[in-house]
Amino acid sequence: MTPRWSGEWALDAPADEPAVDVLIPSFGRPAELAVTLAGLAAQEGVAFRVIVSDQTDGDTASWVQPAVRAMVRVLEAQGRQVQLERHLPRRGLAEHRHYLLGLARAPFVLFLDNDVWLEPGSLDRLCRALREARCGFVGSAVQGLSYLGDRRPHERTGLALWPGNEVVPERIRPDTEGFARWPLHNAANLAHAAADLAIQPGSWQLYHVAWVGGCVLFDREALVECGGFDFWDRLPPGHAGEDVAAQWRVMERYGGAGIIPSGAVHLEAPTTVTDRDIDAARVILGQ
């Protein structure tokens, strides 16, 4: 099924009509959030708005920290719209993403974790790839650069490019062949794959994924038509895998892909998601 394409004009949208809403669910980690915002401040070629929704415990939001405030000022000085939200009480990861999606109005939405730095040009590359592929999402798998010396060719044997970057729908579940692709995103595997493929500056390759964590650009209408994160109230607050469940629903209808080079660097801070007993994808999709 082809999406009702909402982003034909996206790359040329004026600053007051952003092509992308960057949605950042945040809990703690103000230093990492500042780095994430600094990465966004280095992006060019795409009109975007930033929405940060903070669920940090206590009375003080992460954005009151000086480094975060400084990066917010930089973005605003560039003419970017920055919206800061305080969203409490915490009802789980899926509800937080559902809330953020409800605030979006741009044709594209980038769900970006608050511990990811984007290299310059990444957002423009993602937008161009999604517009050309006309699929539901394109994701940049986050890379841990402390693993650059740790080459894992055995984890990249499942790498399969989309011929001509033409993406079609596919069904992923734990019992399907495509699920075995998940090790592709370990360590710095995508950085090594980009080097091996000798991808030229400004170019990209789309590849088959099981799912993508941390940095995913969706066609907003496609995500909403597939339900977004409307399943949040079927989950206890303690869960993980809500992004997987949403992506699998989009992939079945519109297709989804990863992009090489990734351009997304994981800051390798300790995770704030410590309760993973409930797998949202298993609960919602019956696997």
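If you scan the range 175-195, which residues turn out to be more than 15 Å from the chain's Cα centre (by Cα) and either closer than 23 Å to GLU132 by Cβ or in contact (Cβ under 8 Å) with a residue 60 or more places away in the chain (or both)?
Result: ASP175, GLY178, ARG181, LEU184, LEU190, ALA191, ALA193, ALA194.
Can you name the number of the only condition in (1) within 20 Å of the chain's Cα centre (by Cα); (2) farther than 26 Å from TRP162 by Cβ; (3) of a type in the set (Phe, Trp, Tyr) that TRP63 fails?
For TRP63, the exception is condition (1).
Go through ARG151, ARG69, ARG97 for me and flag whichever is under 29 Å from ILE284 (Cβ atoms) and modelled with pLDDT of 95 or more.
One residue alone meets the criteria, ARG97.
Scan the range 266-279 and tell me whether some residue there is in contact with a Lys or Arg (Cβ under 7 Å, 6 or more places away or on another chain) and farther than 16 Å from VAL116 by Cβ.
no
Tell me which residues, restricted to the range 240-287, are touching an Asp or Glu at 6+ places or on another chain (Cβ under 7 Å) and either under 27 Å from LEU88 (Cβ atoms) or without any contact (Cβ under 8 Å) to a residue 60 or more places away in the chain (or both).
ALA240, GLY241, HIS266, LEU267, ALA269, ALA280
Taking VAL68 as the residue in question, decide whether it is of a type in the set (A, V, I, L, M, F, W, C) and buried (at least 22 other Cβ atoms within 10 Å of the Cβ).
yes
Yes or no: the range 143-158 includes at least one residue that is out of contact with any Ser or Thr (no Cβ under 7 Å at 6 or more places or on another chain), among the aliphatic types (A, V, I, L, M) and under 16 Å from ILE259 (Cα atoms).
No: the range 143-158 contains no residue that is out of contact with any Ser or Thr (no Cβ under 7 Å at 6 or more places or on another chain), among the aliphatic types (A, V, I, L, M) and under 16 Å from ILE259 (Cα atoms).
So GLU242 passes all but one of these: (1) at pLDDT 95 or above; (2) crowded, with 23+ Cβ neighbours inside 10 Å. Which condition number does it fail?
Of (1) at pLDDT 95 or above; (2) crowded, with 23+ Cβ neighbours inside 10 Å, only one is false for GLU242: (1).
Grab the strands (runs of 3 or more DSSP E) fully contained in the range 75-163, keeping just those with 1 or more residues being in contact (Cβ under 8 Å) with a residue 24 or more places away in the chain and surrounded by 24 or more Cβ atoms within 10 Å (Cβ to Cβ).
Where strands (runs of 3 or more DSSP E) fall fully within the range 75-163 and carry at least 1 residues being in contact (Cβ under 8 Å) with a residue 24 or more places away in the chain and surrounded by 24 or more Cβ atoms within 10 Å (Cβ to Cβ), they are 108-112, 116-118, 137-139.
Please count how many residues of the range 174-198 are part of a loop (DSSP other than H, G, I, E, B) and loosely packed, with under 15 Cβ neighbours inside 10 Å.
Here the count works out to 4.
So, of the residues in the range 19-46 that are in a loop (DSSP other than H, G, I, E, B), under 17 Å from the mean Cα position of the chain (by Cα) and not polar (S, T, N, Q), which turns out to be surrounded by the fewest Cβ atoms within 10 Å (Cβ to Cβ)?
PHE27
The values are calculated or read from the model by the stated rules, or taken from the named source; none is laboratory data. Keep in mind that this is a model prediction, so the values were computed, not measured. Here the Cβ is made from the backbone with ideal geometry for all residues, glycine too, and neighbour counts use every protein chain on show.
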